[in-house]
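Shown next, in structure tokens, is the structure this report addresses.
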Amino acid sequence: MDFSSLYVKEGKAISKAKGALLIAESIPGIKFNEIVDVQLSNGEVKSGQAIDISEEATIVQVFGGVSEVDLIGSKIRCKGETL
Amino acid sequence: MGKIWRVSGPLVIADGMKGSQVYEIVEIGEEGIVGEIIGLEGNKAVIQAHEDTLGLKTGERVRGTGRILSAELGPGLVGAIYDGLQKSLLTLIEDTGSFIKRGAKAPALPRDKKWHFTPKVKAGDQVSEGDIIGTVPETELIEHRIMVPMGIKGTVKEIREGDYTVEEPVARVGHDGEIKSLLLMQEWPVRKPRPYKQRLDPSGLLTTGMRILDYMFPLALGGKASIPGGFGTGKTVALQQLARWAQTHLNIYVGCGERGNEMADVLYSFRQLKDPNTGRLLQEKEIFIANTSNMPVVAREASIFVGITMAEYFRDMGYDVLLVADSTSRWAEAMREMGGRLEEMPGEEGFPSYLGSRLSSFYERAGMVECVGSPDRRGSVTVAGAVSPPGADFSEPVTQNTLRIVDALYALDVSLANKRHFPAISWLTSYSLYVDAVKDWWDKVDLGWEDTRATALKVLQQEAELEEIVRLVGPEALPEGDKLLLLIARMIREDFLQQSAYHEVDTYCMPKKAGLMLKTIIKFYDLAQEMLNSGVGIEKIRSSPVVYRISRMKDVPNEDFEQRAKELWLEMEESLVARKRVA
């Protein structure tokens, strides 16, 4: 079992966004269906789930959807936990 | 050893997999989740995971096993409950509790149980693939015949009676200087049909105890049938009746993606109900594969193919096997999901373009065959696949593709179910192409079956044609002859076709009783016709006490029916008398 509450991977940049889906660079060590925090450019933090992980990219589904994502200012942070 | 490159639901792409085979089984991640390679591209392998992929990370190891998805075959199969990957659920419950833990292993055949083996050949005999070398009394109803695996032949060097586990050698066979050990168990890749000497035409009735099937739309041994039905049409009950009462040697029930509590119901009843012919508990002739709707979607396909492989194995022993799959639509939906993940071009309704060929690769393994090896013997696999068309619309792809493959259709009708007519199998839409194949069988049980059947179907057809007029002008405006026709049609529907699965006696109707029941109704029709012709009014015919007695034929136990029928016929001849015409 992962003691993942102590481990946090910071600040991966988001490269594309479409509807409720965000596509970011590959995040090594992220687990399939892991819960992540998406920090939007306005400071708001929403929860999301990594629904497609690969060495090319990570696709995150944001719970509650996103209306506007400022790609430059937003970040994805992994918490190391699944649902 | 490869590593995970991408995970998306049940789809896993692994890198560093050069040298792997298509359909090779792999173990994914630290927990060793079972997956199957479905595509290869350079160094990468496209894998469908048969278990939940939650929590997998890129970079985790992927280990090829060098084996393809195979079923274990041997003593211990009968009465077992498996998941889609042939893991023994009874063993898993003991080891890990009520929820199946990912990566848990539980072999299909118990490894520590000893079976008594009696040889049928002796040292010095020549044997080859498919030959029966001995038997194991697996249950009171099934004698497990141990066969020489495919590809092996030679002279028996050693064979001895005794008690063995499935892994201990029971015989040694020598060929060309090489000695091979034969065990009680074998393996067979599930996607590959097992060979046979020759394919025969389906023949002989597969007795189900359901009158609408056995009498009106017979299913022959070695046949293929489809049972499409919308929600609330009683599909599950009909299939459970089939799995319970079919008079084949062995029945295999594959619960593919359906409700867990329904499967639990079926299981429970197998452990309580007795086979009408032998009086033994049903579980002595059943194998159960449960892949409920919440279990991994990809395992649905595995459950179907594991089921048919086990069916073929028992067929090769010389048995008649029935496989019931509830429901093939869930398997098609699993294919659709994987196809979407693989970014394949979707076909009609989103199903993959290979839906038809994949369905036929399953159904075509049914049939009656001459088995490989000696002694000469015949075996059969009959397949009944349920289909769940959304909105009860039969024009959808799974139903349509299945209809092209099967020879019997039992169309469950929503309007019949609403009228509480069960089994809700429509006599106007259903069909069976096995009427000729079972004619000889039926003539021995009920001479003139084909004609009686044709008469009954004609009456029902005419009733359907009259229905529109009746709706417009009402039944009393019809001529007397038509009124009688409607009365007879109603009797055929209510007293013959309707059958309650929950009734102590009527849940299983022997073919002989069914034949006598319908002949009674037709005889009543003939006598009533004469009365009408001689001027007796329809009211007198309708109010005859015989009408009531005919409606209670269902309640008479199978063994007592012949006597009861004789009494009824006598009563009819005495009371339904045409008026003597005055000269």
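The values are calculated or read from the model by the stated rules, or taken from the named source; none is laboratory data. Predicted model, so just to flag it, every value in this text is computed and none were measured. Glycine gets a Cβ as well: all are built from the backbone with ideal geometry, and neighbour counts include every protein chain shown. The protein model used for the area step is the full one, side chains on, heavy atoms only, and it has no ligands, DNA or RNA in it. Shrake-Rupley method; radii C 1.70, N 1.55, O 1.52, S 1.80 Å.
Where does helix B:328-341 land angle-wise versus the long Cα axis of chain B, in degrees 0 to 90, nearest 10? In chain B, helix B:328-341 runs at an angle near 40 degrees to the longest axis. The range B:409-431 and the range B:362-398 have Cα centres spaced 22 Å apart. The dipole here belongs to the range B:133-188: it is taken about the Cα centre, uses +1 on the Cβ of Lys and Arg and -1 on the Cβ of Asp and Glu, and is about 320 debye.
Shielding by partners for peptide B:8-21, expressed as the average number of C-beta atoms from other protein chains within 10 Å of each residue's C-beta, is 1.
Highest mean packing comes first when the peptides B:138-149, B:476-487 are listed by Cβ atoms within 10 Å, giving B:138-149, B:476-487.
Magnitude of the charge dipole for the protein assembly as shown, about its Cα centre and with charges confined to Cβ atoms of Lys, Arg (+1) and Asp, Glu (-1), is about 320 debye. Panel note: contact residues of the range B:47-80 (accessible area lowered by at least 40 Å² against the chain on its own; 1.4 Å probe) correspond to B:54, B:55, B:57, B:58. Treating each Cα of chain B as one equal point scatterer and applying the Debye formula with no solvent, the log10 of I(q)/I(0) at q = 0.09, 0.10 Å⁻¹ comes out as -0.76, -0.91.
Relative to its residue count, the range B:270-334 spans a Cα convex hull of 98 Å³ per residue. A Förster radius of 35 Å, combined with the Cβ-Cβ distance separating residue B:61 from residue B:360, puts the computed FRET efficiency at roughly 0.40.
When the charge dipole of chain B is built from unit charges on Cβ atoms (+1 for Lys and Arg, -1 for Asp and Glu) and taken about the Cα centre, the candidate among B:242, B:318, B:231 whose Cα reaches farthest toward its positive end is B:318. Using only alpha carbons, the range B:154-217 has a radius of gyration to Kirkwood radius ratio (Rg to Rh) of 1.24.
Each Lys and Arg contributes +1 and each Asp and Glu -1, all at the Cβ; summed about the Cα centre of the range B:1-132, the dipole is approximately 200 debye.
In units of the rule-of-thumb radius 2.2 N^0.38 Å, the range B:394-466 shows an alpha carbon radius of gyration of 1.30. Cross-link partners for residue B:512 among the lysines, with Cα-Cα distance under 18 Å and sequence neighbours closer than 8 places in the same chain left out: B:439, B:444, B:523, B:554, B:566. Across the range B:1-43, C-alpha contacts under 8 Å between residues 6 or more apart give a mean separation that, scaled by the residue count, equals a relative contact order of 30 percent. Over 21 Å apart at the Cα level, from the set B:224/B:513; B:57/B:101; B:87/B:113, are B:224/B:513. Computed from Cα atoms alone, the Kirkwood hydrodynamic radius reported for the range B:362-485 is 18.2 Å. Interface of A with B. Using a 1.4 Å probe and counting protein heavy atoms only, the two chains hide about 1100 Å² of accessible surface, both sides summed.
By the Cα gyration tensor, the protein assembly as shown has an equivalent ellipsoid whose semi-axes, rounded to whole angstrom, run 54, 36, 19 from largest to smallest. Which residue, chosen from B:46, B:115, B:144, occupies the Cα position most advanced towards the positive end of the dipole of the range B:31-186, where the dipole is computed from +1 (Lys, Arg) and -1 (Asp, Glu) charges on Cβ about the Cα centre? The listed residue farthest towards the positive side: B:46. The simple Förster model, with R0 at 41 Å and r as the Cβ-Cβ distance, assigns residue B:104 and residue B:490 a FRET efficiency of 0.15. Residue by residue along A:27-34, Cβ atoms of other protein chains within 10 Å of the local Cβ number 6 on average.
Hydrodynamic radius of the range B:243-285 by the Kirkwood approach over all distinct alpha-carbon pairs: 10.9 Å. Scaling against 2.2 N^0.38 Å puts the C-alpha radius of gyration of the range B:425-547 at 1.15. Using only alpha-carbon positions in the range B:108-210, the gyration tensor eigenvalues give semi-axes of 26, 19, 14 Å once each is multiplied by 5 and square-rooted (largest first). Measuring between their Cα centroids, the range B:62-137 and the range B:442-463 lie 46 Å from each other. Projecting the Cα positions of B:267, B:208, B:96 onto the charge dipole of chain B (unit charges on Cβ atoms of Lys, Arg, Asp and Glu, taken about the Cα centre) puts B:96 furthest along the positive direction. Note: relative contact order over the range B:260-398, using C-alpha pairs below 8 Å and six or more positions apart, is 25 percent. Per residue, the convex hull around the alpha carbon atoms of the range B:188-340 comes to 131 Å³.
Here the convex hull built on the C-alpha positions of the range B:485-563 has a volume of 86 cubic angstrom per residue.
For the protein assembly as shown, the antiparallel share of DSSP beta bridges with both residues in that region comes to about 80%.
Here the range B:257-416 is treated as a Stokes sphere of Kirkwood radius computed over C-alpha pairs; at 20 °C and 1.002 mPa s its diffusion coefficient rounds to 124 µm²/s. From most to least packed by mean Cβ count within 10 Å, the peptides B:256-264, B:93-101 give B:256-264, B:93-101. Take each residue in A:54-63, count the other chain C-beta atoms within 10 Å of its C-beta, and the mean is 2. Contact order for chain B, expressed relative to its length and based on alpha carbon pairs under 8 Å spaced 6+ residues apart, stands at 13 percent. Accessible area per residue for the range B:417-486 is 57 Å², calculated with a 1.4 Å probe on protein heavy atoms, without ligands, DNA or RNA.
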